[in-house]
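The values are calculated or read from the model by the stated rules, or taken from the named source; none is laboratory data. None of the values given here were measured: they were computed from a predicted structure. All Cβ positions, even for glycine, are placed from backbone atoms using ideal geometry, and neighbour counts span all protein chains on display. These accessible areas exclude ligands, DNA and RNA; they are computed on the full protein's heavy atoms, side chains included. Shrake-Rupley method; radii C 1.70, N 1.55, O 1.52, S 1.80 Å.
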Amino acid sequence: YAAFNMYKKNYSQAADYFKKNIQYYQQGKKVNNFFVMHAYRGLFSNSFIQSKFGETYELSNSYLDFMKKNSPEKMNEAYMTLGSFYSSTKNMDKAIEYFKKSSATTDKKNLSFINTINILLGISYEENKNLDSAKYYLDTAYDFFKDKNNAQSLAMIYYGYALINKQKENYEQAEEEIQKAISLVPSQDLMSSKFMYQSTLNDIQLAKLL
């Protein structure tokens, strides 16, 4: 029901169903752990869409406790989820903290996941105006993904580079990089990345005129 209501954009109703699964679990009732895990993740996503973060902050610790108890092998995913949540609230220090925990708890052989985290760290550091660290993590991710035929990851990296150069007022380079990001967006853009990249391009082009 929660997933159906998310699809229908009935976000308040979706949140109620997600909360019920979590409440049943906390009350000791029999609930499949898979549904509880996705209830937490659904609430984090839902809170971002609705910009209602209060209750979700309170759930972050119980989410970690749940994952440690029931899926300790997926703690890297749990930390990434929280990093993404804090990033959406613009609490970049917390986002960076959890992204680093995600990377540290990931199997070192899982280079794709680690470098996905590096992209998120790069963008988080850019948001914090720590441009040297931002470039370091984006460069590391680029070195990994450049030959991997992963358009989505490369697009995010170019987006990060564009943000860095926009801050440095290197507008021509920023525009070139965000155009590369836009060109890499797949025709079925499930994450609506193209809208975000296009908005960034508009910002860069406006900044050039000022």
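Structural remarks
- Inter-site label distance for Thr89 and Asn70 at 7 Å from Cα along Cβ, in nm: 2.2
- The magnitude of the dipole of the chain, with charges of +1 and -1 set on the Cβ of Lys/Arg and Asp/Glu and taken from the Cα centre, is near 880 debye.
- For the chain, the longest principal axis of the alpha carbon atoms and the long axis of helix 33-50 meet at an angle near 50°.
- Filtered trypsin sites (Lys or Arg not before Pro), the stretch 89-164: DSSP coil and at most 16 other beta carbons within 10 Å: Lys90, Lys108, Lys109, Lys129, Lys146, Lys148
- For the chain, the solvent-accessible area works out to 58 Å² per residue, with a probe of 1.4 Å and every protein chain left in place.
- Degrees, to the nearest 10: 54-70 long Cα axis against longest axis of the chain: 70
- Each distinct pair of alpha carbons in the chain adds a 1/r term; the inverse of their mean, the Kirkwood radius, is 18.4 Å.
- In nm, spacing of pseudo-spin labels at Ser62 and Ser183 (7 Å Cα→C-beta vector): 4.9
- Efficiency of FRET from Cβ geometry, Glu97 and Gln173, R₀ 30 Å, rounded to 0.05: 0.50
- When the Cα convex hull of the stretch 134-210 is projected onto planes of every orientation, the mean area is 4.9 nm².
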